[in-house]
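Take a look at the structure below.
Every number here is computed from the coordinates shown, using simple stated rules; none is lab data. These numbers were taken from a predicted model, which means no experiment stands behind them. In this analysis, Cβ positions are derived from the backbone assuming ideal geometry, glycine residues included, and neighbour counts consider all displayed protein chains.
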Amino acid sequence: MWRILFGAVLGLVFVSQSKAADVVLKSTTYREETHIGDYWIAEDLSRGFQKMGISTIIDYRDEYHRQHDPHPKMSIYMRGYTKFIPPYDAGITVLYCYYPMAYFRHSGQKKSKNVLNSRSSMPYLASLDDDWQNFDIIAVASSSYTKKLNDAGISAYYVPQFTNPAKFYPQYDPKVANDILFVGSNWHYRTSLHYAIDSGFDVAVYGYNWQNVVPSDMYKGQYIENQDLHRYYSSAKIVLNDHRPDMKEFGFINNRIYDATASGALVISDYMPEIKQAYGDSIPMYRNQKELAHLLRYYLSHDAERQEKARRARQITLQNFTNVAVAQKINGIARKMSINSIKIDKYPKELDTKLKE
């Protein structure tokens, strides 16, 4: 591996050399940030391509300038809170917006989560931040927002968030079993957790910044290793879920839905029409504290119905929302566009009709 030093005055660019791969994913996290969900989204999508027989490499946040020889056939920019450099000219470039794009103003600086979640409503389509002009393919993890982009003349494809069923599967463990489980950090107001506690329910809470916020006997720990998370989901009767305000506003289903259902848990979530469209009534949803309290009481006392809904939700997830399905769809979009398609023999023809949805 070699590096060339950046020199602002001389106009030199520092790059590193990497081995060849068909697909390079540009992660929004640093290599060591394994405690951040975005790290695992890139990791699991990479595994999805690999299961198709497509070689991959991940460039992390400080590695975006790495040169790959030969140049990859596809570069996928995992759009999180990082403002990307313009993509390389060679090969297919994909902007994968798995949640709403960070909202930049004139300073061009990254905003904190607190700022992102307390800002006023975005102007129509302003969240695109002009990045769409630099990419061959825009993949968006919201069917409703994808439609808005297409209606505005911006070609985009619905590519949802997903789970990795090799990691998220049922594995009951009595040591971590709880009636009600919440996993998530205190970055914004968590309606599911606050509503449940305020209604008198005991909740096992894991996540950052909950010390002195929730009762001490309910707070179980800051972090669950990603590889162990399925055991906690599997061993809970109910997993609580809610969405960041911007994700909810623009119809982006978070991957907790997919991970927990793949693990065999019953998920109760805040109401989103996109969840109903994807899962029907297999994921109960609430609109207010009273509705959540009713759902919790009901499903804690109706084991057979709870287990049946969890079974149906898991089946839907494994059919539609896996890392392999998402890798296939991105590859299929490239095939449809006839832009240097990769490994087309690995692409299932039955997905042709889905690309038009």
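Quick notes on this one:
- In sequence order, segment 68-74 has phi-based couplings of 10, 10, x, 5, x, 6, 8 Hz under the Karplus curve 6.51 cos²θ - 1.76 cosθ + 1.60, θ = phi - 60°, and Gly or Pro positions carry x.
- Here segment 174-320 is assigned +1 on the Cβ of each Lys and Arg and -1 on the Cβ of each Asp and Glu. Its dipole about the Cα centre then comes out at about 220 debye.
- Ranking Tyr286, Gln319, Asn331 by Cα position along the charge dipole of segment 265-344, where only Lys, Arg, Asp and Glu carry charges on their C-beta atoms, puts Asn331 farthest toward the positive end.
- For segment 172-181, Karplus couplings with θ = phi - 60° (6.51, -1.76, 1.60), whole Hz, Gly/Pro x: 5, 9, x, 5, 10, 6, 8, 5, 10, 10
- Computed extension length for His65-Gln133: 22.5 nm, one decimal, from 0.36 nm per residue of separation with the Cα-Cα distance subtracted.
- Between Tyr223 and Lys148, the simple spin-label model (points 7 angstrom out along Cα→Cβ) gives 3.3 nm.
- For Tyr77, the residues whose amide H sits under 5 Å from its own are Lys26, Val94, Leu95, Tyr96, ignoring neighbours fewer than 5 places away on the same chain, with H placed 1.01 Å from N.
- A protection proxy built from the mean count of other Cβ atoms within 10 Å ranks the segments 26-34, 321-329, most packed first, as 321-329, 26-34.
- A simple rule links phi to the HN-Hα coupling: the Karplus curve 6.51 cos²θ - 1.76 cosθ + 1.60 with θ = phi - 60°, which for segment 158-167 gives 6, 9, x, 5, 7, 10, 10, x, 6, 10 Hz, with x for Gly and Pro.
- A protection proxy built from the mean count of other Cβ atoms within 10 Å ranks the segments 219-230, 40-51, most packed first, as 40-51, 219-230.
- Förster radius 22 Å - calculated FRET efficiency between Gln315 and Tyr30, Cβ distance, rounded to 0.05: 0.05
- For Ala236, the residues whose modelled amide H falls within less than 5 Å of its own, excluding neighbours fewer than 5 places apart on the same chain, are Asn178.
- Counting other Cβ atoms within 10 Å as a rough exposure proxy, the listed residues Val214, Val203, Val239 run Val214, Val203, Val239 from fewest neighbours to most.
- Exceeding the 26 Å Cα-Cα cut-off - candidates Lys237/Lys276; Lys167/Lys290; Lys148/Lys276: Lys167/Lys290
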